[in-house]
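Enquirer: I'd like to ask you about the structure that follows.
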Amino acid sequence: MTLRIVRLGTPRLPGEGTRIGTVRRPPRGVKKQRYAADDWYDVWYPELSPSPALVSQALTAESEAEWRAFVRAFRAAMKQPAASRTLDLLAALSHGADFSVGCYCADEARCHRSVLRDLLAERGAEIA
């Protein structure tokens, strides 16, 4: 049983399980009925996405210092009780279920899902 960190909209891997979209907005131009069928996500969970202000900060980060500032701010947001409990839950579930979390960004290294990967690993998640 494992948790995968994925790019939404890419073909699913065998045994990937339920795909959770940790994005602020649904995919543009895609009907709700097609989200799962087109490999976007099965469940939309924007509570694990950056706020609109943090999304802007991440998208405009050009230097490593600016990116690290985003990471610090997003980590602080994920310390809020609801987000922290959700991360704890996902880490625990990763030991008994197959599922994935993801975002649309092409480069995971410059995406909040890289931070989610680290936060989940710090909580003992089983990550593929």
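The values are calculated or read from the model by the stated rules, or taken from the named source; none is laboratory data. Note that the structure is predicted; figures quoted are calculated from it, not measured. Cβ: placed from backbone, ideal geometry, glycine included. Neighbour counts: every protein chain shown. Ligands, DNA and RNA are stripped out before the accessible areas are found, and what is left, the full protein with its side chains, is counted by its heavy atoms. Shrake-Rupley method; radii C 1.70, N 1.55, O 1.52, S 1.80 Å.
Enquirer: Just a yes or no: is a residue in the range 2-20 in contact (Cβ under 8 Å) with a residue 24 or more places away in the chain and assigned to a helix (DSSP H, G or I)?
Expert: No, the range 2-20 has no match at all.
Enquirer: Looking at (1) among the hydrophobic types (A, V, I, L, M, F, W, C); (2) in a loop (DSSP other than H, G, I, E, B); (3) touching a Lys or Arg at 6+ places or on another chain (Cβ under 9 Å); (4) open to solvent by less than 40 Å² (accessible area, probe 1.4 Å), find the lone condition where VAL30 falls short.
Expert: Single failed check for VAL30: (3).
Enquirer: Now for a separate question. When residues of the range 50-68 are filtered for being of a type in the set (Val, Ile, Thr) and either exposed (fewer than 14 other Cβ atoms within 10 Å of the Cβ) or at positive phi (or both), how many remain?
Expert: Counting residues in the range 50-68 that are of a type in the set (Val, Ile, Thr) and either exposed (fewer than 14 other Cβ atoms within 10 Å of the Cβ) or at positive phi (or both) gives 1.
Enquirer: When you look at VAL55, is it assigned to a helix (DSSP H, G or I) and either touching an Asp or Glu at 6+ places or on another chain (Cβ under 6 Å) or β-branched (Val, Ile, Thr) (or both), yes or no?
Expert: Yes; evaluated as a whole, the condition is true for this residue.
Enquirer: Within the range 69-89, take every residue that is touching a residue at least 12 places away in the same chain (Cβ under 8 Å) and within 13 Å of ASP118 (Cβ to Cβ) and give me the one that is surrounded by the most Cβ atoms within 10 Å (Cβ to Cβ).
Expert: My answer is PHE74.
Enquirer: Here's something else I'd like to know. When the range 70-95 is examined, which residues are found to be in contact with a helix residue (DSSP H, G or I) (Cβ under 8 Å, 6 or more places away or on another chain) and farther than 14 Å from GLU47 by Cα?
Expert: Residues satisfying the conditions are PHE70, VAL71, ALA73, ALA91, SER94.
Enquirer: For the range 3-26, indicate whether the set of residues that are surrounded by fewer than 18 Cβ atoms within 10 Å (Cβ to Cβ), within 15 Å of LEU116 (Cβ to Cβ) and touching a Phe, Trp or Tyr at 6+ places or on another chain (Cβ under 9 Å) is non-empty.
Expert: Looking for residues that are surrounded by fewer than 18 Cβ atoms within 10 Å (Cβ to Cβ), within 15 Å of LEU116 (Cβ to Cβ) and touching a Phe, Trp or Tyr at 6+ places or on another chain (Cβ under 9 Å), one finds at least one in the range 3-26, hence yes.
Enquirer: OK, next. How many residues are touching a helix residue (DSSP H, G or I) at 6+ places or on another chain (Cβ under 6 Å) and basic (Lys, Arg) if we restrict to the range 96-111?
Expert: The number of residues fulfilling the criteria is 0.
Enquirer: A further question on this structure: In the set ALA106, ALA97, ALA121, which member is open to solvent by less than 70 Å² (accessible area, probe 1.4 Å), in a loop (DSSP other than H, G, I, E, B) and under 24 Å from THR10 (Cα atoms)? Talk me through it step by step, then tell me what you get.
Expert: Numbers: ALA106 fails: open to solvent by less than 70 Å² (accessible area, probe 1.4 Å); ALA121 fails: in a loop (DSSP other than H, G, I, E, B).
So the residue among ALA106, ALA97, ALA121 that is open to solvent by less than 70 Å² (accessible area, probe 1.4 Å), in a loop (DSSP other than H, G, I, E, B) and under 24 Å from THR10 (Cα atoms) is ALA97.
Enquirer: Would you point out which residue out of TYR41, TYR45, TYR35 is aromatic (Phe, Trp, Tyr) and surrounded by fewer than 16 Cβ atoms within 10 Å (Cβ to Cβ)?
Expert: Exactly one residue qualifies, and that residue is TYR45.
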